[in-house]
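Visitor: Submitted below is the structure of interest, expressed as structure tokens.
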Amino acid sequence: MLQSIEHQSGLPIAFDPVANAIHWPGGTAAGSTSIRTAAEMRDYIRESDATATQEATYIVYRTVARREDAARIAGVNLRYDMTVIPPGHFSGTRREFFRTAGHYHPLVPNSAVAYPEVYEVISGRAYWLLQRRAEGNSAALDAVYLVEAGPGEKAVMLPGFGHISINARPEPLIMANWISNTFTYDYEPFRRFHGGGYWMLEGEMPAMVEFEPNHSYERLPELVKLRPREIPALGLFRSRPLYGLAQNLETLRFLNDPESFVDLLTVDTCYREVV
């Protein structure tokens, strides 16, 4: 049975929990859909020979828009995407939750600042692993954060941080994001090291999770847990769907011009630490 997610997303769309698929009415659509299979995730996970509870580990709908908004969004080099991570895990000697492969963003041309991204939880509970490489060495990390967020919360993927999205709950995770449409992702470091600095694994007790250091990295700092803040200066409020910014695209200028927003795009501004 289809479940409306219009209130949460700001779009007249529905979700099929059996197929783990978003349904689009006339007038709203995704430009493309990609499915990351368990076979494609082999090089990105803790145990490459682990079995998966299902073949589709996550689905990404790119360039989502109402018909009347599509040209304006494309005209300012932005893109609104949606991602579904179904409940599930890879089973080897330990169970690793379904997650995205992970990637970094490049520097803005003629700048020393990388492109950011902003996510919203539509349904379920999200965990993002954010990690920053030491300068000139992808194998050495100088910061690793775990961000937890629930429905309505927004999380900024800060410039210079690679990130992975994880679903550690028994229900589907539905997310949306705004991002610049002017670059391609760099997945290679996460492939080379079989994931991020820490693997999020099923614990020995039900509903428990554990974080195992990934010692494929040469240097690994302590994992710091964060929760998102509302950021009025960037138009990010828990009670306002992220897609609503399609009506005020200037608010999203920080995605293409992060160099003008470096004072806002910091860990302390965007997050609070969980003790």
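Derivation of every value follows stated rules applied to the coordinates shown; laboratory data play no part. Fair warning: this is a prediction, and the values are worked out from it, not measured in the lab. Cβ placement follows ideal geometry from the backbone for every residue including glycine, while neighbour counts extend to all protein chains displayed.
Visitor: Name the shape class, rounded, prolate or oblate, that the alpha-carbon gyration tensor gives for the stretch 3-273, where a ≥ b ≥ c are the square roots of its eigenvalues, rounded holds for a/c under 1.5, and otherwise prolate holds if a/b is larger than b/c and oblate otherwise.
Guide: Details: a/c = 1.64, a/b = 1.17, b/c = 1.40.
In terms of gyration-tensor shape, oblate.
Visitor: At a threshold of 8 angstrom on Cα-Cα distance, excluding pairs fewer than six apart, so keeping six or more, what relative contact order does the chain reach in percent?
Guide: Numbers: 664 pairs, mean separation 54.9, N = 275.
Dividing the mean separation by the residue count of the chain yields 20 percent.
Visitor: Where a ≥ b ≥ c are the square roots of the eigenvalues of the C-alpha gyration tensor, would you call the stretch 13-156 rounded, which needs a/c under 1.5, or, failing that, prolate if a/b is larger than b/c, or oblate? Walk me through the intermediate numbers first.
Guide: Details: a/c = 1.92, a/b = 1.10, b/c = 1.74.
It is oblate, given that a/c is not under 1.5 and a/b is not larger than b/c.
Visitor: May I pose another question? GNM, the chain, Cα, under 10 Å: largest mean-square fluctuation among Glu171, Glu68, Glu96?
Guide: Glu68
Visitor: May I ask you to derive the relative contact order of the stretch 77-221, considering only C-alpha pairs under 8 Å and at least 6 residues apart, and to give it as an integer percent?
Guide: Numbers: 356 pairs, mean separation 49.1, N = 145.
Taking the mean separation of contacting Cα pairs over the length of the stretch 77-221, I get 34 percent.
Visitor: Another one. Using just the alpha carbons, could you tell me how many Å³ per residue the convex hull of the stretch 98-140 encloses? Please report the intermediate quantities before stating the final value.
Guide: Working: hull volume 4.3 nm³, N = 43.
Cα convex hull per residue, to the nearest whole number: 100 Å³.
Visitor: To the nearest 20 Debye, how big is the dipole of the stretch 51-111 about its Cα centre, given +1 on the beta carbon of each Lys and Arg and -1 on that of each Asp and Glu?
Guide: Working: 8 positive and 5 negative charges, 11 e Å.
Charge dipole, the stretch 51-111, about its Cα centre: 60 debye, nearest 20.
Visitor: For the stretch 116-275, what class follows from the C-alpha gyration tensor (a ≥ b ≥ c being the square roots of its eigenvalues): rounded when a/c is under 1.5, otherwise prolate if a/b is larger than b/c, else oblate?
Guide: Taking the square roots of the gyration eigenvalues as a ≥ b ≥ c, the stretch 116-275 is oblate.
Visitor: How charged is the neighbourhood of Leu242? Take every other residue with its Cβ under 10 Å from the Cβ of Leu242, and add Lys/Arg as +1 and Asp/Glu as -1. All intermediate terms of the calculation are to be shown ahead of the outcome.
Guide: On the way: positive: Lys154, Arg240; negative: Glu120.
Around Leu242, the surrounding residues sum to +1.
Visitor: What net charge do the residues around Leu11 carry, taking every other residue with its C-beta under 11 Å from that of Leu11, with Lys and Arg at +1 and Asp and Glu at -1?
Guide: Details: positive: Arg66; negative: Glu6, Asp69.
Computed value for this residue: -1.
Visitor: Using 7 Å Cα-to-Cβ label points, what is the Trp24/Glu55 separation (nm, one decimal)?
Guide: Reported label-point gap for Trp24 and Glu55 is 2.3 nm.
Visitor: How big is the charge dipole of the chain about its Cα centre, in debye rounded to the nearest 20, if each Lys and Arg gets +1 on its Cβ and each Asp and Glu gets -1 on its Cβ?
Guide: Numbers: 26 positive and 33 negative charges, 78 e Å.
Taking the Cα centre of the chain as origin, the dipole is about 380 debye.
Visitor: Let me ask another. Can you give the FRET efficiency to the nearest 0.05 for Ile35 and Val274, using r as the Cβ-Cβ distance and R₀ = 41 Å?
Guide: Details: r = 33 Å, r/R0 = 0.80.
Computed FRET efficiency for Ile35 and Val274: 0.80.
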